[in-house]
Amino acid sequence: YIVLKKFLTNPAFCILAGVIITLLFQSSSVSVAALQAFSLTGILPLESAVLLIVGQNIGTSNMSVISSHSADKNARRVSFIHLFFNLTGGLLATAGVLIWVNTRGSGEQIQPVIANPLAIAAAHTGFNLITSLILIPFSSKLEKFAVHVIKGENEKTEDEKKLFIDERLLE
């Protein structure tokens, strides 16, 4: 219990644990549900839960990066944007948690805010909503960045080159 409590106060451990849990479960929904179940023990501080959620979102991105490895360039660009999105949101959330923890103070008189399933659901939704609101205005820049990082055009097969839209379908 004491060792687990010590790990839960380490931001890097919480983020890494969130990534690993999501990679093991191969589902962010299952990993969030597991985190909610763990919160019922009453030993999970809210700031640790938020950092675990950051890791879970990054873990979700890793799955899309792995699955796009053999896909075309546009699919790799989408997975790159997904990873960039979650890394950016993760940096912002981590900064927010660290600021919150450091402004609360420390010592015996400060009681940690304990996470519960509702708080975890709200934090997960809030993470994605706030990150989206921040990054949506930069979507065209993100697209250009992804094209810059993953260069080239998609290679089309002969069958794909022969595809066309029948004008009658448009009418």
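Tell me the mean residue ellipticity at 222 nm calculated for the chain from its helices only (DSSP H runs of n ≥ 4, each -39500 (n - 2.57), averaged over every residue, nearest 500).
-24000 deg cm²/dmol
Around the Cα centre of the chain, unit charges on the Cβ atoms of Lys, Arg, Asp and Glu (plus for the first two, minus for the last two) sum to a dipole of about 520 debye. Counting only Cα atoms, the chain measures 72, 32, 30 Å along its principal axes, largest extent leading. Percent of Cα-Cα pairs more than 20 Å apart in segment 7-105, please. When every Cα pair of segment 7-105 is considered, 40 percent fall beyond 20 Å.
Note on the chain: dipole from Cβ charges, positive end direction compared against Val3, Asn57, Pro45; the farthest Cα belongs to Val3.
In the context of the full set of protein chains, residues of segment 1-89 present 50 Å² of accessible surface per residue (probe radius 1.4 Å, heavy atoms only).
For the listed peptides 43-53, 127-137, 77-87, a ranking on the average number of other beta carbons within 10 Å per residue, highest first, reads 43-53, 77-87, 127-137. Shown here for segment 82-154: GluC sites (Glu not before Pro) in loop regions (DSSP other than H, G, I, E, B) with at most 14 other Cβ atoms within 10 Å, namely Glu108, Glu153.
As a fraction of the 1.4 Å probe accessible area of the chain, surface on carbon and sulfur atoms comes out at 67 percent. Taking all Cα pairs closer than 8 Å and separated by 6 or more residues, the relative contact order of segment 1-110 comes to 28 percent.
The values are calculated or read from the model by the stated rules, or taken from the named source; none is laboratory data. Since we're looking at a predicted model, the values are computed, not measured. Glycine gets a Cβ as well: all are built from the backbone with ideal geometry, and neighbour counts include every protein chain shown. Accessible surface areas use protein heavy atoms only, side chains included; no ligands, DNA or RNA. Shrake-Rupley method; radii C 1.70, N 1.55, O 1.52, S 1.80 Å.
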